[in-house]
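A.B. asks: The structure under discussion is supplied below as structure tokens; questions concerning it will follow.
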Amino acid sequence: MDFRADFEKFCKDYPVQSVRINELTFNYRFGGNGDKALVLLVGGLGISDAFFNHFRGFVKSFKVLTFDYPMETNSNSVLADAIAELIKSLKLHNVFLVGQSYGGFIAQVIAKRHPEIVSGLILSNTGCLAADMDEETKGPMLDMIKRLKKAALLTRLVPIALLRGEFIKKLEGHLVQCTPEEKKYMSELFRYVIGMLTNRHERHMCSLMIDLINELDSTKESYSYLDGRVLLLLSEDDDTFSDAIKQSLIRLMPNPVVNTKICGGHLALLLRIELYIHTVTEFVNSI
């Protein structure tokens, strides 16, 4: 296992391309074959290359698209519309949105606003945008938004370089069940991803997640066209979102397949890559 060699080959095989869509700049990677397409939507770190091994695995069976979230907007509605246009511009069909954490939220917004392009959803360790959540259920999400506002303020006061060590240490704390070789590989990946962060980027991602408060209007009818076409990967050992929020998400989606067995907390899809790829591939091929 050699992170640098793997990543350099990935960059050579799938170079970054850029395009302007709806006045937003998308820096994206695209490749693969097949009659189905996966759009990989990264979580709150906002660095899509964190999923490069998932990309390499999925291109064996599907067309795959991934990108960093454009800096020009902090509105999830604007972002969702532009992502839909990017998908159309690449002439992708049979599109499955694969979203982790924040990526699961933006996937819900895209699917709600653009049913014409979405064939299925794979949402992992994410929250819910249901309009009918009561105040008690919404409470932890509102608390999260308060913390994000404080984090956004912090990015104006403290250089991100001073925080990188803490970020890496926190991520490496999840590697307790890895072999020494796996731990070294993942540590190098973490250091690369955290090294890409800037104060502006962190503030942008905080703003997108704060804006989710304006998207709490989804109903079961919003996703009725996806009956049986939703996979929810909700790790039993991930407590980022409360059980009440997870249950609201399950109720919101029409007859979803629910899988709780991929362990590893909020980083489960990074720590159990092969199992994650197998589970998603099996589901998409079943549709």
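The values are calculated or read from the model by the stated rules, or taken from the named source; none is laboratory data. Since the model is a prediction, treat every value here as computed from it, not as a measurement. Every residue, glycine among them, receives a Cβ derived from its backbone with ideal geometry; neighbour counts consider all protein chains shown.
A.B. asks: Right, Tyr225: buried (at least 17 other Cβ atoms within 10 Å of the Cβ), among the aromatic types (Phe, Trp, Tyr) and more than 19 Å from the chain's Cα centre (by Cα) or not?
C.D. replies: For Tyr225, the condition - buried (at least 17 other Cβ atoms within 10 Å of the Cβ), among the aromatic types (Phe, Trp, Tyr) and more than 19 Å from the chain's Cα centre (by Cα) - is not met.
A.B. asks: Can you pull out the residues in region 230-277 that are charged (D, E, K, R), under 18 Å from the mean Cα position of the chain (by Cα) and more than 28 Å from Ile145 (Cβ to Cβ)?
C.D. replies: Passing the criteria: Arg272, Glu274.
A.B. asks: Assigned to a loop (DSSP other than H, G, I, E, B) and either in contact with a Cys (Cβ under 9 Å, 6 or more places away or on another chain) or in contact (Cβ under 8 Å) with a residue 12 or more places away in the chain (or both), is that true of Met141?
C.D. replies: When the stated conditions are applied, Met141 does not pass them.
A.B. asks: Quick check on region 178-189. Is at least one of its residues farther than 18 Å from Gly127 by Cβ, aromatic (Phe, Trp, Tyr) and surrounded by 13 or more Cβ atoms within 10 Å (Cβ to Cβ)?
C.D. replies: yes
A.B. asks: Restricting attention to region 70-91, does a residue exist that is among the polar types (S, T, N, Q), assigned to a helix (DSSP H, G or I), crowded, with 18+ Cβ neighbours inside 10 Å and modelled with pLDDT of 95 or more?
C.D. replies: yes
A.B. asks: Tell me whether region 105-117 contains one or more residues that are outside any helix (DSSP H, G or I) and either touching a strand residue (DSSP E or B) at 6+ places or on another chain (Cβ under 9 Å) or among the aromatic types (Phe, Trp, Tyr) (or both).
C.D. replies: Within region 105-117, one or more residues are outside any helix (DSSP H, G or I) and either touching a strand residue (DSSP E or B) at 6+ places or on another chain (Cβ under 9 Å) or among the aromatic types (Phe, Trp, Tyr) (or both).
A.B. asks: Considering region 20-62 alone, what residues qualify as being assigned to a loop (DSSP other than H, G, I, E, B), closer than 24 Å to Leu271 by Cα, more than 12 Å from the chain's Cα centre (by Cα) and touching a residue at least 60 places away in the same chain (Cβ under 8 Å)?
C.D. replies: Ser61, Phe62
A.B. asks: Pull up region 168-191, narrow it to residues that are farther than 23 Å from Phe10 by Cβ and not aliphatic (A, V, I, L, M), then point me to the one that is modelled with the lowest pLDDT.
C.D. replies: That would be Gln177.
A.B. asks: Among the residues of region 110-128, count how many are touching a residue at least 60 places away in the same chain (Cβ under 8 Å), of a type in the set (A, V, I, L, M, F, W, C) and crowded, with 24+ Cβ neighbours inside 10 Å.
C.D. replies: The qualifying residues number 4.
A.B. asks: Of the residues that sit in region 254-286 and are in contact with a Lys or Arg (Cβ under 7 Å, 6 or more places away or on another chain) and aliphatic (A, V, I, L, M), which one is surrounded by the most Cβ atoms within 10 Å (Cβ to Cβ)?
C.D. replies: Of everything passing the filter in region 254-286, Val284 is surrounded by the most Cβ atoms within 10 Å (Cβ to Cβ).
A.B. asks: Would you mind finding the one in Ala152, Ala107 that is out of contact with any Lys or Arg (no Cβ under 7 Å at 6 or more places or on another chain) and hydrophobic (A, V, I, L, M, F, W, C)?
C.D. replies: Ala107
A.B. asks: Considering only region 129-144, state which residues are among the aliphatic types (A, V, I, L, M), modelled with pLDDT of 90 or more and either surrounded by fewer than 19 Cβ atoms within 10 Å (Cβ to Cβ) or within 18 Å of the chain's Cα centre (by Cα) (or both).
C.D. replies: The answer is Leu129, Ala131.
A.B. asks: State which residue is modelled with the lowest pLDDT when the search covers only region 229-287 and only residues that are under 20 Å from Gly57 (Cα atoms) and of a type in the set (Val, Ile, Thr).
C.D. replies: The extreme case among them is Ile262.
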